[in-house]
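One structure below.
The values are calculated or read from the model by the stated rules, or taken from the named source; none is laboratory data. What you see is a predicted model; the values in this text were computed from it and never measured. As a convention, Cβ positions derive from the backbone with ideal geometry for all residues, glycine included, and neighbour counts pool all protein chains shown.
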Amino acid sequence: MISRGRVDFPPNAAAIREYEALQAQRQVTPKPTRLKGAYGFDAPYLMPIPAFLIVVNILDAVISRSVWPLAPAAIIAACMGCGLHTSRRGKFLAWAELLDELHLRGDERVLDLGCGRGALLILAAQRLTTGRAVGVDLWSKSDQSGNAAQATQRNAVAEGVADRVELHTGDMTNLPFEDSSFDVVLSNVAIHNVRGQAGRRKAIEEAVRVLRPGGRLRIADIWATRIYEAHLATLGMTGITRRNLGWRMWWSGPWLPTHLVTANRVRIQNSLTSPSTN
């Protein structure tokens, strides 16, 4: 018998690993309600457009001495505020719930495709103990303000999960990882940035390639999610679903929502065969 503290186990490697994982779960970093890192803004190049239109309408109202131009200014401001809320808070709340639904043990390897400054990556790392949260990105500042590996690393340090975070520079269509090397693959509003439908399909194929048998895939995006859903079916994935993530993930309003595609890779069944006797 193997004694560990107050619990005795038979000398079974699987049982020992399960026990150690349960013990490690108790040490998961507390998930704070307010993050300490600096995560920037999504699609910063778009922000000046609504701001300009708001100013134009306000000036029109002043010059014409009419309140009517203030109506479109108010609508544009509301749309802008909705998008900012999603970028700065909504996505954190939505993904925190999605990650909790995965019931991670804490020892998984989790990959975030297009991790940016680490919003989703760090939320995942906070739910790990002995596992690793791995982020890959090309670090484009047009996709996220101040996007850089150094900024993501600083956020990981600020949130106290730097020991569980690993960063790579790489293309989603040609991931620098071996086959079947991750338990969970995630992506938040990133794959649509890949140019062309063929490129986006290739990114989906790469996500499946690096996913272990029995692994889980969660992809959130603002368009092309039906293409992802259909392509995952051709790749043999199971449990494929697609759903709207609701108002917290509206990028300006209900006309630009975020949909989540989920899928699982088929688990390899171990079959025990005994030699036949004649």
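Taking the criterion of being touching a Leu at 6+ places or on another chain (Cβ under 9 Å) and more than 24 Å from ARG248 (Cβ to Cβ), the residues of region 208-233 that qualify are VAL208, ARG209, VAL210, LEU211, LEU232. Candidates in region 254-278 are the residues that are hydrophobic (A, V, I, L, M, F, W, C) and more than 28 Å from SER87 (Cα to Cα); of these, the one that is modelled with the lowest pLDDT is LEU272. Only one of the numbered conditions (1) modelled with pLDDT under 90; (2) under 28 Å from TRP247 (Cβ atoms) is violated by GLN25, and that is (2). When GLY236, GLY253 are checked against the criterion of being more than 16 Å from ASP112 (Cβ to Cβ) and out of contact with any helix residue (DSSP H, G or I) (no Cβ under 7 Å at 6 or more places or on another chain), a single residue qualifies: GLY236.
Of the residues examined, ILE204 is not one that is of a type in the set (A, V, I, L, M, F, W, C), under 17 Å from the mean Cα position of the chain (by Cα) and closer than 22 Å to GLU97 by Cα.
Among the conditions (1) in contact with a Gly (Cβ under 9 Å, 6 or more places away or on another chain); (2) under 24 Å from PRO257 (Cβ atoms); (3) surrounded by 14 or more Cβ atoms within 10 Å (Cβ to Cβ); (4) small (Gly, Ala, Ser), ALA78 misses just one, which is (3). Count of region 204-244 residues, restricted to those that are more than 24 Å from VAL134 (Cα to Cα), touching a His at 6+ places or on another chain (Cβ under 9 Å) and not in a helix (DSSP H, G or I), is 5.
Return yes when GLY81 is at pLDDT below 95 and closer than 19 Å to MET47 by Cα and no when it is not.
Working: at pLDDT below 95: yes; closer than 19 Å to MET47 by Cα: yes.
It is true that GLY81 is at pLDDT below 95 and closer than 19 Å to MET47 by Cα.
Within the span defined as region 138-152, every residue fails to be modelled with pLDDT of 95 or more, buried (at least 24 other Cβ atoms within 10 Å of the Cβ) and either within 21 Å of LEU245 (Cβ to Cβ) or of a type in the set (D, E, K, R) (or both).
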